[in-house]
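One structure is given below, encoded as structure tokens.
Please treat every number below as a calculation from the coordinates, not as lab data. These numbers were taken from a predicted model, which means no experiment stands behind them. Reconstructed Cβ throughout: ideal geometry from the backbone, glycine too, with neighbour counts over all protein chains shown.
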Amino acid sequence: MARSEVDLREVQDMLPDTVRDMAGRIGLPATLVVVEQLGGTSWRIAEGRARRGEARRAALAELVGSDIEEQLHTHYRGEEIYVARCHKALVRWRDLEIVERFEQGLRDGQTARSLLSDLARQYNLSDRWIWEIVNRPSEPAPQQSTLFH
């Protein structure tokens, strides 16, 4: 799922503290890759460059890419990290992107029916579920309390 059109910050508040901490260390896009590949699991970040550590690093690099593995190694060397699945945030992000793509398609002159069909295939969802997503009332932004009453 490509989610580049929708800003990640829209769902950042839905992420667990541990994932937000990781995003602060390695960046939100890299953290998303880690969540998509390792979500719901614990992973020990290799400490050194011994043969066993190199094997662990290579396995992690195969999953998340060598650049992200290097960042994880820099920030979490020797630690066991738990990567939350972040299911609610990822579903919300997907839904925001679906709505954005649907609205853009309508602005570009595509029919709702063709957009539903295309989006259903792209996201591996039924066209009825896509219709539900695009017709949900948009959720208001969280209210920030005022400084002065």
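General observations
- Measuring nothing but alpha carbons in the chain and taking Rh as the Kirkwood radius, the Rg to Rh ratio lands at 1.08.
- Take the Cβ atoms of residue 106 and residue 9, set R0 to 30 Å, and the FRET efficiency comes out at 0.75.
- Helix 87-107 axis, angle to the chain major axis (alpha carbon atoms, nearest 10°): 40
- Crossing angle, helix 66-76 versus the chain [Cα axis fit, 0-90 degrees, rounded to tens]: 70
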